[in-house]
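Input: a single structure, listed below in structure tokens.
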Amino acid sequence: MEKIFDRPHSLSDFVLSYCPGCTHGVINRLVAEVVDEMGLEGKTVGVCPVGCSVTAYNFFEFDMQEAAHGRAPAVATGIKRVHPENLVFTYQGDGDLAAIGTAETVHAAARAENISIIFVNNTIYGMTGGQMAPTSLVGQVTQTTPYGRKVENQGYPIHVAEMISTLRGACYVERVSVDSVPNIKKTKAAIRKAFECQMAGKGFSLVEVLSTCPTNWGMSPVEALERIRTEMMPEFPLGVYKDCTETGGVR
Amino acid sequence: MSKVLMKGNEALAEAAMRCGCRFFFGYPITPQTELAAYMAKKMQKNGGTFLQAESEVAAINMVYGAAGAGARVMTSSSSPGISLKQEGISYIAGADLPCLVVNIVRGGPGLGGIQPAQSDYFQATKGGGHGDYHLLVFAPSSVQELADMTSRAFDKADEYRMPAMIMGDGMLGQMMEPVEFKEFADPASLPAKPWATTGTGMKRKKNIINSLYLTPEELENLCVEREKRYDKIRATEYLYEEIDTEDADIIIAAYGTIARVAMSAVQQAREMGIKAGLIRPITLWPFPTEAFAKRAETAKCFLSVEMSMGQMVEDVRLSVNGKKPVYFYGRTGGMVPEQDAIVAEIEKCLKNS
Amino acid sequence: MYEQIIIAGFGGQGVLFAGKILAYMGMDTGKELSWLPSYGPEMRGGTCNCSVIIADTQIGSPIIQRPDALIVMNKPSLEKFADSVRPGGVIVLDSSLIDSKVERDDVTVIYIPAMKIAEQAGAGTLGNMVMAGAYMKARDDMFKVDDLYKSVREHTPAKRAGLAEKNIELIKAGYEFKQC
């Protein structure tokens, strides 16, 4: 009998450590599928963050480095400068990328560092048990905002895709979502475009993926997917924020 | 190659490139600026990468990435910047990566000052970052030794897969002395690093650079394995210089720049008829314990002279192990002990013991 | 020989460079040597000094406690260092910039209007070379002035050979200066 569906070769048979219903696993798989399809497994070095994907070095089948909290873009810079021919990407959550690692993220983009960032935005710190993230919505209840995020105390969420797209060094920036099959397909296309952008030497790329955290949101997986559509998308509109890939890039 | 006259900071940079270092990630801070400036000028010409990072934190993590990718890589900074790099240094040690970190020490704590100091001894030799780990710490006292120790530090870091540090200060960095360099080494001729993340090329299993171990048994085993390596280093890799110690009544302990002043003080004391000697640790970790233990049998007392409030003196005391009194004399905050003051201190110590 | 020289003046007078050519001479003649500048947050144009040691034996402290020679090009530096010179030592003083005398009789003092001499030669910024020349004369028993000329030539880039010759001309002027 012909096998028509299989685990991507770039994904290991390690049991993913994500909670049931979490969409991290979907995004991991999309990255692995794109690496497979582009034939880059032997040339890829991934950098995982601190957060729920902290052990992603176990999940992927290519070379991986584990970075300190927020430092993945700096680590990726070091790797890419040594091996410019490799595909080097980071996989980071919102706390990692937009709080403790804001400087590393912004400056990697400003330098037009030829790396790709997969930015998973679920508006919460998952791994540490559901604290407020820089992307938490106004009013969102978390462990550290038990009465909801209040503007007068915690201010406003950071719009990463919009912010990064203002930098000349950024070549391709898109916000996507994994709430539905059509959007998952678009996410995969965006990841592929980011990796192609890098392999063509065109400069920094970032794909922001709206994702779920049913456990810390206190929702069922289905409710969590619905929250992406009803609460997150109005705050974080999907779309391409910057695309210089057609014009030869930014390097 | 013949001798050239060069500043310490520049000689270090030149020596690093000659021994195959092609990656430098830094962030500006006084008083190590000549080092980075020299790298900026020459690294690209030598086919390497010089990158000014957005912070010391980013710089050390770029070092982590490049070291994990198999490159001979370094960063340099001065005390406040080295404090910022401690996070990365701990991760580098935890991931068993070789690299070189240069600390051109200035007065502290806090922003401190920019004049020469040795008050980062504890930070360099006793941890600095979190966890059970060590750095190989070299403390040269001349421009030639600075160049020699740079290539040694890289080689030993590779051999033991751990970070190495060179401790200098603004005086050594600014000082010019004749220096003879080794010929340029081809980075390709350096020992292979089969553990590096270079991309599998579909020819081997994946490599992982990591310091996270969520199973305590596994983490303990790794720390125990690392400690065995450290024990080997403690037993074999210490370096020191001894001057006039055999018949000495009093032995000065001093490293780096101040060891040079101490050397002159010892000479001055000898001219006055005082039997003084000097032990100059060249590696601060591992500490040359044996050298002090041996002389604890023959000398009447020891005097640790430092540009700090007394840090290395603790290791001298541990090495002498209570057999003889160990005194301390130091200036700090950028002040340098004067030769006459050291001689006066020598006389005082001998009177007391 | 263990010759410890302090060269001091204002920033911009070429104090560090004067020290550097002496250091080159030491290196080229196979001596041990060290060159240490004063450094710090001082403003450009503030006082500035460097310590040069040229010796037959290993050099200990690069910091000079009691100089054998002081080459001094401004009054604050004279006040700072005059007393530290070893008895029997030498002080070379630019008398066109410092109007006071050294009140010590246990050192040799050479008063030379170095700045004026340099200006007359059309090179007002090269008073430092005149001072170096006067120092070489005072240390005729220790160093050969020809070795200094050689080092100046050797360590000046070929495209600036003209500058080397100008430097040498002024060193010579200082060397041949006769105190009246």
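Read the figures in this text as sums done on the coordinates, not as results from a lab. Predicted, not measured: the structure shown is a model, and the values here were computed from it. Cβ coordinates were reconstructed from backbone atoms using ideal geometry, including for glycine residues, and neighbour counts include every protein chain displayed.
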- For chain A, what's the relative contact order in percent, using C-alpha pairs closer than 8 Å and at least 6 residues apart? 18 percent
- Local charge sum around C:Y111 (other residues, Cβ-Cβ under 10 Å, Lys/Arg +1, Asp/Glu -1)? 0
- Note on the structure: Using alpha-carbon positions, the gyration tensor of the stretch A:24-247 gives root eigenvalues a ≥ b ≥ c; with a/c under 1.5 called rounded, otherwise prolate if a/b exceeds b/c, else oblate, the class is prolate
- Flagged links, alpha-carbon separation over 29 Å, of C:K20/C:K172; B:K7/B:K85; B:K7/C:K178; B:K3/B:K294: B:K7/C:K178; B:K3/B:K294
- On the first, second and third principal axes, largest extent first, how far apart are the outermost C-alpha atoms of chain C in Å? 42, 39, 38
- Query: Over the stretch C:2-176, what is the percentage of antiparallel beta bridges among all DSSP beta bridges, to the nearest 5?
  - Reply: 55 percent
- Task: With springs only between Cα atoms under 10 Å apart, run a GNM on chain C and tell me which of C:V72, C:V130, C:V85 wobbles the most.
- Result: C:V85
- Item | Cleavage-rule hits, GluC sites (Glu not before Pro), the stretch B:272-341, DSSP coil, Cβ neighbours within 10 Å at most 13 | B:E297
- Task: Would you please classify the overall shape of the stretch B:241-352 from the alpha carbon gyration tensor, given that a ≥ b ≥ c denote the square roots of the eigenvalues, rounded means a/c under 1.5, and beyond that prolate means a/b larger than b/c while oblate covers the rest?
- Result: rounded
- Message: Sequence gap at least 6, Cα distance under 8 Å: using those rules, report the relative contact order of chain C to the nearest whole percent.
- Response: 20 percent
- Note on the structure: In order over the stretch B:293-300: 3J(HN,Hα) from phi, Karplus 6.51/-1.76/1.60, θ = phi - 60°, whole Hz, x for each Gly or Pro, gives 4, 5, 6, 5, 6, 10, 7, 8
- Query: If the viscosity is 1.567 mPa s and the temperature 4 °C, what translational diffusion coefficient in µm²/s does Stokes-Einstein give for the stretch A:127-224 when Rh comes from Kirkwood over Cα pairs?
  - Reply: 84 µm²/s
- Message: Taking 25 °C and 0.890 mPa s as the conditions, I'd like the Stokes-Einstein D for the stretch B:109-262 in µm²/s, using the Kirkwood hydrodynamic radius from alpha carbon pairs.
- Response: 129 µm²/s
- Modelled label-to-label distance, B:N221 and B:E246, 7 Å Cα→beta-carbon offset: nm? 5.2 nm
- Query: For the protein assembly as shown, what does -39500 (n - 2.57) per DSSP helix run (n ≥ 4), summed and divided by total residues, give at 222 nm, in deg cm²/dmol to the nearest 500?
  - Reply: -11000 deg cm²/dmol
- If r is the Cβ-Cβ distance from C:T57 to B:K203 and R0 is 60 Å, what FRET efficiency results, to the nearest 0.05? 0.55
- Over the Cα atoms of the stretch B:4-236, Rg to Rh with Kirkwood Rh, two decimal places? 0.96
- Message: Compute the distance from the alpha-carbon center of the stretch B:177-250 to that of the stretch B:11-43, in whole Å.
- Response: 21 Å
- Query: In whole Å, how far is the Cα centre of the stretch A:64-119 from that of the stretch C:102-180?
  - Reply: 57 Å
- Message: Can you tell me what percent of all Cα-Cα pairs in the stretch A:197-251 are more than 12 Å apart?
- Response: 70 percent
- Item | Axial C-alpha extent at least 27 Å, average Kyte-Doolittle at least -1.0 - helices from chain B (DSSP) | none
- Which cross-chain or sequence-distant (5 or more) residues have an amide H under 5 Å from the amide H of C:M73, H modelled 1.01 Å from N in plane? C:A8, C:G9
- Projected onto their principal axes, the Cα atoms of the protein assembly as shown stretch, largest extent first, over whole-Å spans of 107, 67, 56
- Query: Once phi is turned into ³J(HN,Hα) by the Karplus curve 6.51 cos²θ - 1.76 cosθ + 1.60 with θ = phi - 60°, what whole-Hz value does each residue of the stretch C:118-126 show in order, with x for glycine and proline?
  - Reply: 5, 4, 5, 8, x, 9, x, 8, 9
- Heads up, the stretch C:118-180 by the C-alpha gyration tensor (a ≥ b ≥ c square roots of eigenvalues; a/c under 1.5 rounded, else a/b over b/c prolate, else oblate) looks oblate
- Query: Which GluC sites (Glu not before Pro) from the stretch C:30-124 combine a DSSP loop assignment with at most 11 other Cβ atoms within 10 Å?
  - Reply: C:E42, C:E103
- Message: Contact order normalised by length for the stretch B:4-236, with contacts defined as Cα pairs under 8 Å and 6 or more residues apart; what percent is it?
- Response: 25 percent
- Message: Longer than 32 Å from Cα to Cα, which of A:K80/C:K159; C:K80/C:K144; A:K80/B:K182; B:K41/C:K150 are they? Say none if no pair is.
- Response: A:K80/C:K159
- Give the percent of DSSP beta bridges with both residues in the stretch A:24-247 that are antiparallel, rounded to the nearest 5. 20 percent
- With viscosity set to 1.002 mPa s and temperature to 20 °C, compute the Stokes-Einstein D of the stretch B:47-112, Rh being the Kirkwood radius across alpha carbon pairs; µm²/s, no decimals. 176 µm²/s
